[in-house]
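The values are calculated or read from the model by the stated rules, or taken from the named source; none is laboratory data. These figures come from a predicted structure and were not determined experimentally. Counting neighbours? That spans all protein chains shown, and the Cβs are built from the backbone with ideal geometry, glycine included. Surface areas here come from the heavy atoms of the whole protein model, side chains and all, with no ligands, DNA or RNA. Shrake-Rupley method; radii C 1.70, N 1.55, O 1.52, S 1.80 Å.
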Amino acid sequence: MSSALVEKVMIYGTSSIGVFVFTNNDFALIPPDVPEKVEETIKNVLKVQIIKTHVMGSILLGVMVAGNSNGIILPKHVYDKEIAFLKKVLPDVNISILPSKKNTVGNLILANDKAAIVDPELEKEAIKVIEDTLDVEVIPMRIAGHSLVGAVAVATNEGLMVHPLTSDEEIERLTEIFKVKVDVGTVNRGSPFIRSGLVINSYGALVGYETTGPEIMRIHQIFFEKKS
């Protein structure tokens, strides 16, 4: 897997690319007006089907959507026409609405195909929906004191990068939960909000344009280096 591409990009002139894109191993959700060149890069690097949509009328798809290969979770105030469109283009994917007053679903949930952790303040009913939709065990916990676990970490089925202040105990627990390599890192020249600068799946990664060489090396080590 070490031949995976890690490509630097900007979206709408910013390196905070992760707020605009949701991806798994099969498809990526992107805003309808993303430039064609960027769309092609996302498609080629991540090897996914591209689906153009808004969620709640917003282009912040990375913030509004969470999921894994089994399903995606949308916020309570998603528009009916958006749900209908997604169900039409993704007929085999579980699509659910999170019964929570919190709309930033992508920040509340960190998931791969093995497990998920969520904001400890999330309602029990919401946790049940996540379990059923993503078909994984869901564990409420913080990362480095942050309840918005989806903002300070990024998980795939191969690796998990977390906020630089994550404790050794938390790393150990996350390794047990997600059953992947876990390590700390940053994006975009030192930002601990990893989701904002990293869009990744099992095939490749897009990083914010300001991400440094050492940061890209760390991404390679965590997600794409074969276990010896």
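Tabulated data
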read-out: Sequence of Thr156, Thr186 from largest to smallest accessible area, 1.4 Å probe; value: Thr186, Thr156
read-out: About the Cα centre, charge dipole magnitude for the stretch 1-98 (Lys/Arg +1, Asp/Glu -1 at Cβ), debye; value: 100
read-out: Unit charges on C-beta of K, R, D, E only; dipole of the stretch 114-222, Debye; value: 340
read-out: Test item: Cα-centred dipole of the chain, Lys/Arg +1 and Asp/Glu -1 on Cβ, debye; value: 320
read-out: The chain - accessible surface per residue (Å², probe 1.4 Å); value: 44
read-out: Principal semi-axes in Å for the stretch 117-228 [√(5λ), Cα gyration tensor, largest first]; value: 24, 15, 14
read-out: Solvent-free Debye scattering, log10 I(q)/I(0), computed from the Cα coordinates of the chain at q = 0.10, 0.14, 0.16 Å⁻¹; value: -0.39, -0.79, -1.07
read-out: List Met56, Met161, Met217, Met64, ordered by accessible area with a 1.4 Å probe, largest first; value: Met217, Met56, Met64, Met161
read-out: Ser69 accessible area, assembled protein chains, probe 1.4 Å, Å²; value: 40
read-out: Overall form of the stretch 55-168 per C-alpha gyration tensor (a/c, 1.5; a/b vs b/c); value: prolate
read-out: Area accessible to solvent at Arg173, 1.4 Å probe radius, in Å²; value: 110
read-out: Listed residues Gly57, Leu198, Leu98: farthest to the positive end of the dipole of the chain (Cβ charges); value: Gly57
read-out: Fraction of accessible area attributable to carbon and sulfur, the stretch 122-187 (%, probe 1.4 Å); value: 50
